[in-house]
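Data block below; observations after.
The values are calculated or read from the model by the stated rules, or taken from the named source; none is laboratory data. This one's a predicted model, so the numbers in the text were calculated from it and none came from an experiment. Ideal geometry is used to build each Cβ from the backbone, glycine not excepted, and the neighbour counts take in all protein chains shown. SASA here: full protein model, heavy atoms, side chains in, ligands and nucleic acids out. Shrake-Rupley method; radii C 1.70, N 1.55, O 1.52, S 1.80 Å.
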Amino acid sequence: MYERFWQQAGDKSTIVIPGWQSMSYFSDAGSLCWFLEPEFAKEIIRLHKTVGNAVTEDRYIVVGTGSTQLYQAVLYALSPQDAVEPLSVVSAAPYYSSYPLITDCLKSGLYKWAGDARSFNKEGPFIELVTSPNNPDGYVRQSVVNKSGGILVHDLAYYWPQYTPIASAANHDIMLFTVSKSTGHAGMRIGWALVKDEEVAKKMVKFVELNTIGVSKDSQLRAAKVLQVVIHSCQYPTSLGSLFDFSAHLMEERWKLLRAAVRQSGLFTLPEFSPGSCSFLNRSFAPQPAFAWLKCQEPMEDCEGFLRSNNIITRSGKHFGVSPQYVRISMLDRDENFYIFVERLSTIHQRQSVQVDETYGGIE
């Protein structure tokens, strides 16, 4: 979805890295996160101050190979090394489908996935993951476990003004962000964490050191350049506006098309969102998430299977801890693919009627 903006940006986002540059493991040997490129760290702070979506003062920045590695680093950092049993990790359903898989993939003795935060009642310490706006349903989230002993981790990958109104600067102990959702550069594999506690940040850095001996300098330098262009577009908008103007407009149009298609089909429902005031875009609008959380009307129980039979690929709600009547669909594909998807969705009922007619010889 973001390609058109970056195509127009042209050489503004281009960097040249000589063969002799960035050869060392170290970026800043004296820094807590010694593999964090100083230029990238500077642009992270500038971006958050420009958008106003996160507090960066008195925070340590830890860079990772996407927010996925940072999530693993957080689990490692927060889990006691001498605990009798693994630390429970929970998130309110529907939760990000990769959380259970990443948490349990190595069958660690330090932590384990414990399911839906709403039904969690085990005694002892735990980690609650708060994804806000939530992947997959797009709602703004707060913690839900009503007991002491928990540590909150806020995944704010989608807390950007193209997806949801920026109400205030997020101010949490551990906040995760990623380039892929803010600028569209998923292939860069770069994420960052804003961490309040120094010891937690040190342990996260240690995990990344043990896991990959740092993070690609080439990706960090490219990410720094991309963030520079994003900030410049906010200060000096092009004909497309800033990156956030451009993408917010696209998301608004896409959600209008999707809701119209859903109404025309008569077979599905979508979440409804209340408008909120955005301090960055200086207007009020309803959230327009990066994913559509679609529910098939009864009697359909396998929404993913039904849509696949109509040449629409989705991800079933069962992966997100809820009923297979739900599916998640990306809203961020290229224009031509998105328009095909909307057209197919809006005409499913017509194709179903044709199939019924053909099956029963046209007799109703």
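Brief remarks on what is shown
- Filter pass, Gln288 being in the same structural domain as Ile340 (by the TED database), within 20 Å of the chain's Cα centre (by Cα) and not small (Gly, Ala, Ser): yes
- Top-ranked residue in the stretch 323-362 [being in a loop (DSSP other than H, G, I, E, B) and surrounded by fewer than 14 Cβ atoms within 10 Å (Cβ to Cβ); ranked as modelled with the lowest pLDDT]: Tyr360
- A Cβ distance below 7 Å, combined with a sequence gap of six or more or placement on separate chains, defines the contacts here; from the stretch 116-130, residues that are among the small types (Gly, Ala, Ser) reach residues that are open to solvent by less than 30 Å² (accessible area, probe 1.4 Å) in the pairs Ala117/Val90; Ala117/Ser91; Ala117/Ala92; Ala117/Glu128; Ala117/Val145.
- Every residue from the stretch 110-142 that is modelled with pLDDT of 95 or more and on the phi > 0 side of the Ramachandran plot: Gly115, Gly138
- Elements of type helices (runs of 4 or more DSSP H) in the stretch 2-81, at least 2 residues being open to solvent by 50 Å² or more (accessible area, probe 1.4 Å) and not polar (S, T, N, Q): 3-9, 38-51
- Flag if Met251 is surrounded by fewer than 16 Cβ atoms within 10 Å (Cβ to Cβ), aliphatic (A, V, I, L, M) and either under 15 Å from Pro165 (Cα atoms) or at pLDDT below 95 (or both): no
- All of (1) of a type outside the set (S, T, N, Q); (2) under 30 Å from Asn282 (Cα atoms); (3) in the same structural domain as Ala193 (by the TED database) hold for Gly10 with one exception: (3).
Yes/no per residue for (1) touching a helix residue (DSSP H, G or I) at 6+ places or on another chain (Cβ under 6 Å); (2) farther than 27 Å from Ser79 by Cβ:
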position	(1), (2)
Phe126	no, no
Asn134	no, no
Gly138	no, yes
Asn146	no, no
Leu156	no, no
Trp160	yes, yes
Thr164	no, yes
Ala167	no, yes
Ala170	no, no
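- Residue list for the stretch 123-143, filter: farther than 18 Å from Trp293 by Cβ, open to solvent by 20 Å² or more (accessible area, probe 1.4 Å) and in contact with a strand residue (DSSP E or B) (Cβ under 9 Å, 6 or more places away or on another chain): Gly124, Pro125, Gln142, Ser143
- For the stretch 86-114, residues that are surrounded by fewer than 19 Cβ atoms within 10 Å (Cβ to Cβ) and out of contact with any Lys or Arg (no Cβ under 8 Å at 6 or more places or on another chain) total 11.
- Val229 satisfies every condition listed in (1) within 29 Å of Pro18 (Cβ to Cβ); (2) modelled with pLDDT under 95 except (2).
- Sole exception among (1) in contact (Cβ under 8 Å) with a residue 12 or more places away in the chain; (2) more than 14 Å from Lys217 (Cα to Cα) for Glu39, by number: (2)
- Of all the residues in the stretch 280-322, those that are part of a loop (DSSP other than H, G, I, E, B) and open to solvent by 70 Å² or more (accessible area, probe 1.4 Å) number 9.
- Close pairs (8 angstrom Cβ cut-off, 6 or more residues apart or separate chains): not assigned by the TED database to the domain that holds Gln69 in the stretch 81-100, surrounded by 18 or more Cβ atoms within 10 Å (Cβ to Cβ) and in a loop (DSSP other than H, G, I, E, B) anywhere: none
- Matching residues, the stretch 84-109, being in contact with a strand residue (DSSP E or B) (Cβ under 9 Å, 6 or more places away or on another chain) and either charged (D, E, K, R) or in a loop (DSSP other than H, G, I, E, B) (or both): Glu85, Pro86, Ala92, Ala93, Pro94, Tyr95, Tyr96, Ser97, Asp104
- Summed over the stretch 173-194, residues that are buried (at least 24 other Cβ atoms within 10 Å of the Cβ) and touching a Lys or Arg at 6+ places or on another chain (Cβ under 6 Å) total 1.
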